[in-house]
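Below is one structure, written out as C-alpha cells; the observations come after it.
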Amino acid sequence: MFNPGGYTESSTVGGYTQSPGGFASPSLSQGGDKKGRTRATQIIPCTVSQLMSASQVDEAFRVGDVEVTQVTIVGIIRSIDKSMTNIQYKVDDMTAAPMDVKQWVDTEDPGVDNSVLPPGTYVKISGNLRSFQNHRSVVAFGVRPLEDMNEITSHILEVVQAHMALGKPQTMSSAGGGMSSDVTPNSRPAGESSGGSYAGASSMANNGLSANQNQVLSLIRGCPDQKGISILQLRDRLGVMSMPVIKQAVEFLSNEGHIFSTIDEDHYKSTDNDD
C-alpha cells in the first residue's frame, strides 16, 4: 500500500525499511521544508549511470527532480584495495564505468565483520553518494553478497519504479479513488503485484508487456551508450533468463516500436531515450 503523505514521512523505499535511529534518521530532520522541491530522505535504488550523471549543486545531488543522498546499487566487484582503515571496491553494474565504493574498517570493534569480498562477487551496496575533487564515489555503510541472482532483476525493477514514482508525484490524480498526493515507492519486493496499488506496479501492469519483456526493456532503457546494448550484454545481465527468451522479448519489443537496432541487429536502444 502507498502512503499518501509523501516521501519525507515514508518509512520504506524499494523494500528498504527505515527504522528509528537507522540510516535515514540524520536526514529526516532536514526534510521539513519540502516546498518547491522533492527531497528523498530514504535509501533510493539507483544505477551507477544515474549516480555519475546526477546534477550537483554544492553538496546536493539530483537524479531528475529528486535529491538523493542515500542510495543502493547492485553490481559485480571488479577489483579491491584494502588498507588499515578502509576497503575500496570497484563495483560494475554495466550501466557505466565501475563505481568506486569505500567501506571504512572498524578495527576497534571485534564484533564487526571486516572481511574483504573477492573480485567476481555480486553485491548490493548501501551508502552515501559523495564527490571529492570532481570524483564521485559511494561511502558504504553496507556491503553484502547477493543471496539470489534474482536480486539483480529486482533491483532493476526497483530503480525504474522508484524513480517513476518520485519523478511523477501526481500519477494517481485521476485514478485509485481520486488520490492526488505524492505516491511513495513500493514497500514490497519488486515484481510483486498488488493490482496497481502503487505507481510503479500500475505503470508496469498497464503497458501491456510481460515481466520478461519489461526486464529487457528496462535494461535497454538504462543503457547510456549511443550504440545501445547488445544481446550478449543482455544475457550477461539477465543470467536467470535464457537466450531464446531474451531474443523473443527483443523481437517483440522491436516489432512494437519500443526499441530499435543501431549499429547491427545485435545492438538495441530504446525509442524513449533516443536523443
Cβ-derived FRET efficiency at R0 25 Å, Asp65 paired with Phe141, nearest 0.05: 0.45
Given the pairs Lys102/Lys124; Lys124/Lys269; Lys247/Lys269; Lys227/Lys269, which are separated by over 18 angstrom at their Cα positions? Lys124/Lys269
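Sort 73-79, 89-95, 145-151 by the packing proxy (mean of other Cβ within 10 Å over each peptide's residues), most packed first.
89-95, 73-79, 145-151
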If you take the beta carbon distance between Glu256 and Asp81 as r and set R0 to 35 Å, what does 1/(1 + (r/R0)^6) give as a FRET efficiency, to the nearest 0.05? 0.15
Per the Kirkwood definition applied to all pairs of different Cα atoms, how many angstroms is the hydrodynamic radius of segment 38-94? 12.8 Å
Count the net charge of all other residues whose Cβ sits under 15 Å from the Cβ of Ile231, scoring Lys and Arg as +1 and Asp and Glu as -1. -1
In the neighborhood of Lys124, defined by Cβ-to-Cβ distances under 12 Å, what is the net charge if each Lys or Arg adds +1 and each Asp or Glu adds -1? -4
If eta is 0.890 mPa s and T is 25 °C, what Stokes-Einstein diffusion coefficient results for segment 91-141, Kirkwood Rh from Cα pairs, in µm²/s? 195 µm²/s
Under 15 Å from the Cβ of Ser242, count the other residues' Cβ atoms, weight Lys and Arg +1, Asp and Glu -1, and hand me the total. +1
For segment 84-162, the charge dipole (Cβ of Lys, Arg +1; Cβ of Asp, Glu -1; about the Cα centre) points to a positive end, and the Cα of Gly142, Gly120, Ser131 closest to that extreme belongs to Ser131
Stretch Gln88-Ser55 to full length: gain in nm at 0.36 nm per residue minus the Cα-Cα span? 9.5 nm
Spin-label pair Ile263/Val240, simplified geometry with 7 Å Cα→Cβ offset, distance in nm: 3.1 nm
Non-local amide H neighbours of Val105 (under 5 Å, H modeled in plane, Pro and chain starts lacking H): which ones? Asn86, Ile87
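FYI, it's all coordinate maths here, none of it is from the lab. Every value quoted in this text rests on a predicted model; they were computed, and no experiment measured them. Don't worry about glycine lacking a Cβ; one is built from the backbone with ideal geometry, like all the others, and counts go over all protein chains shown.
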